[in-house]
Amino acid sequence: MKNTGTRVWQLDPDRPDPEIISRAAEIIKKGGLVAFPTETVYGLGANGLDGEAVAGIYRAKGRPSDNPLILHVADLDMANRLSRNLPPQAPLLMEKFWPGPLTLVVPKAGGIPQQVTGGLDTVAVRMPGHPVALALIKAAGVPIAAPSANRSGRPSPTTADHVLADLEGRVDAILDGGSAGLGLESTVLDLTGPCPIILRPGGVTYEQLAGVLKEVAIDRSVLGEKLSKEQVPRSPGMKYIHYAPAAPVILFEGEPEKVRQALSRRAAELSARGKRVGILATEETAAGYAGGAKILTMGRRKNPADAAALLFGRLRQFDQLQVDVILAEGMETRGIGLAVMNRLRRAASEIVKC
Ligand code: TXA
Ligand code: MG
């Protein structure tokens, strides 16, 4: 389908207008692209069973074609049809966490276009917990392939405005259902090996999974270990720079008071050299930095869900403020904090251990 400008349709996130949903579903069925809200971030959707349509996603995003996509389903039947052999842990995980921010990597069934899986023998599947996303998939009647609706490498979009800023003229329509709730993407859990492995931490935490599964591991790349050239990442998306705003991000990790001191010193040095400095702090720490820098907060330090909800929007705000460099405070990796730190580490061009 030829793209002739991007239409934006506002709708009530809790009770989406069936008329608008059916218009959007028609676009999907004809092979077009529709961005839509999920409970994590906005997705850029196409018919997941139509290889040509899926190729359009990669073109719109400028995404490397070996980075596979998640197929979004509206019910368990749809999910079951996508796997030739559902791993034994899958039914329990689906029952506990679907609809919700958990993506399961399972052996793929026949008939899934290779554009979806990047040539892998596995496929990533999730049932999103957002009424607009579920209504759209149901109305389209097919699984919807959808990466985050940002230009490749940029912070993921948590509002329709973010999508428009990155993809105007490159997608057929955007369903504007307000802010995505969680603000960070789903957890990607690989069920194809002997032990379930978290390939990307996200909305469902390690602690939640460990409470349900006998064993669960975290992929080394999640914890910020750099892969050597010879190592092949298990999740192809892990090898690319991600989530990066225009200005370089320098991340400071460690004991909070040491972080404050080291970050303040670096801010003063950079300002003295004429750089416009942005500082990503928390409610508790923001007042501790001297004036001059543009300071934005990620909510309260003791509530990492605030940081999850705010992080991507704040990185985009620094672009608008036109800072030359962003100095960011790290946080604890407990609960959703692991996902926040994974995104910050991957956005960072330098990590300072304090
Ligand atoms: O919350 C989310 O997951 C959002 C919303 C829109 O659902 N989607 C999203 O998609 O974040 P994307 O494409 O930005 O990230 C998908 C991640 C990538 O890191 C990709 O490499 C990994 O999932 N992935 C997809 N299929 C895979 C597979 N078969 N094996 C391993 N990793 C896979
Ligand atoms: Mg993404």
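The values are calculated or read from the model by the stated rules, or taken from the named source; none is laboratory data. Bear in mind the structure is a predicted one, so any value in this text is a computation, not a measurement. Cβ placement follows ideal geometry from the backbone for every residue including glycine, while neighbour counts extend to all protein chains displayed. Only protein heavy atoms, including side chains, enter the accessible area calculation; ligands, DNA and RNA are left aside. Shrake-Rupley method; radii C 1.70, N 1.55, O 1.52, S 1.80 Å.
Figure the gain on full extension for Arg220 and Glu19 (residue separation times 0.36 nm, minus the Cα-Cα span) and round it to one decimal in nm. Write down the numbers at each step before the final one.
Details: separation 201, 0.36 × 201 = 72.36 nm, distance 4.58 nm.
Additional length available on full extension: 67.8 nm.
Taking 0.36 nm per residue of sequence separation and removing the Cα-Cα distance, the Arg151/Leu92 pair yields an extension gain of 17.8 nm. The shape of the chain can be summarised by an equivalent ellipsoid whose semi-axes, obtained from the alpha carbon gyration tensor, come to 34, 24, 18 Å from longest to shortest.
On a 1.4 Å probe surface of the protein chains, which of Lys29, Lys138 comes out largest in accessible area, and what is the full order?
Values: Lys29 105, Lys138 130 Å².
Descending accessible area places them as Lys138, Lys29.
Amide H to amide H, with H built 1.01 Å from N, Ala217 comes under 5 Å of Ile197, Ile198, counting only residues 5 or more places away or on other chains. For the range 58-73, list residues with backbone N below 11 Å from a point placed 7 Å from the Cα of Gln320 toward its Cβ? Correct set: none at all.
For the pair the range 141-204 / the range 26-48, the C-alpha centres are spaced 10 Å from each other.
Beyond 21 Å, what share of the Cα-Cα pairs of the range 69-157 remains, rounded to the nearest whole percent? Kindly include the intermediate steps, with their values, before the conclusion.
Working: 1129 of 3916 pairs.
Every Cα pair in the range 69-157 considered, those over 21 Å come to 29 percent.
Element breakdown for the chain at a 1.4 angstrom probe: carbon and sulfur atoms account for 50% of the accessible area.
Using the 1.4 Å probe convention, the accessible area of the chain works out to 42 Å² per residue with neighbouring protein chains retained.
Close amide H contacts of Gly299 (hydrogens built in the peptide plane, cut-off under 5 Å, sequence separation of 5 or more or a different chain): Glu283.
Could you tell me what percent of the DSSP beta bridges with both partners in the chain are antiparallel, to the nearest 5?
Once the DSSP bridges in the chain are tallied, antiparallel ones form about 35 percent.
Compare Ile351, Ile137 by solvent-accessible area with a 1.4 Å probe and give them largest first, with all protein chains kept in place.
Details: Ile351 65, Ile137 0 Å².
Sorted descending by solvent-accessible area, the residues read Ile351, Ile137.
Between Lys138 and Leu213, what is the FRET efficiency for a Förster distance of 35 Å, r being their Cβ-Cβ separation, to the nearest 0.05? Please report the intermediate quantities before stating the final value.
Values: r = 29 Å, r/R0 = 0.84.
Plugging the Cβ-Cβ distance into 1/(1 + (r/R0)^6) gives 0.75.
Of the listed residues Arg126, Arg23, Arg276, Arg334, the order by accessible area with a 1.4 Å probe, largest first, is Arg334, Arg276, Arg23, Arg126.
Between Glu284 and Arg81, what is the FRET efficiency for a Förster distance of 35 Å, r being their Cβ-Cβ separation, to the nearest 0.05? Write out the running numbers ahead of the final one.
Numbers: r = 49 Å, r/R0 = 1.39.
Working from the Cβ atoms, E equals 0.10.
The local environment of Asn303, defined by Cβ-Cβ distances under 13 Å, has a net charge of 0 under the rule Lys, Arg +1 and Asp, Glu -1.
State which entries of Lys30/Lys96; Lys275/Lys302; Lys214/Lys353; Lys214/Lys302; Lys214/Lys258; Lys258/Lys302 exceed 27 angstrom in Cα-Cα distance in the structure shown.
Numbers: Lys30/Lys96 34 Å; Lys275/Lys302 31 Å; Lys214/Lys353 34 Å; Lys214/Lys302 29 Å; Lys214/Lys258 38 Å; Lys258/Lys302 18 Å.
Lys30/Lys96; Lys275/Lys302; Lys214/Lys353; Lys214/Lys302; Lys214/Lys258, as the Cα separations exceed 27 Å there.
Amide hydrogen proximity for Gly335: with H placed 1.01 Å from N in the peptide plane, the residues at 5 or more positions away or on another chain lying under 5 Å are Glu207. If you run the Gaussian network model on the chain, springs between alpha carbon atoms under 10 Å, then out of Ser271, Ser152, Ser22 the most flexible one is Ser271. Electrostatic bookkeeping for Pro99 treats Lys and Arg as +1 and Asp and Glu as -1; over the other residues with beta carbon under 9 Å from its beta carbon, the sum is 0.
Answer rounded, prolate or oblate for the range 255-321, using the Cα gyration tensor with square roots of eigenvalues a ≥ b ≥ c: rounded when a/c is under 1.5, else prolate when a/b is larger than b/c, else oblate. Each step should come with its number before you reach the end.
Values: a/c = 2.55, a/b = 1.29, b/c = 1.97.
Verdict is oblate for the range 255-321.
If you take the C-alpha gyration tensor of the range 110-177, multiply each eigenvalue by 5 and take the square root, what semi-axes do you get, largest first, in whole Å?
Its equivalent ellipsoid spans semi-axes of 23, 17, 11 Å.
Applying 0.36 nm per residue to the separation of Ser271 and Ala55 and subtracting their alpha-carbon distance, the gain on full extension is 73.3 nm.
Averaging the Cα positions of each part gives two centres, and for the range 66-124 and the range 245-299 these lie 41 Å apart.
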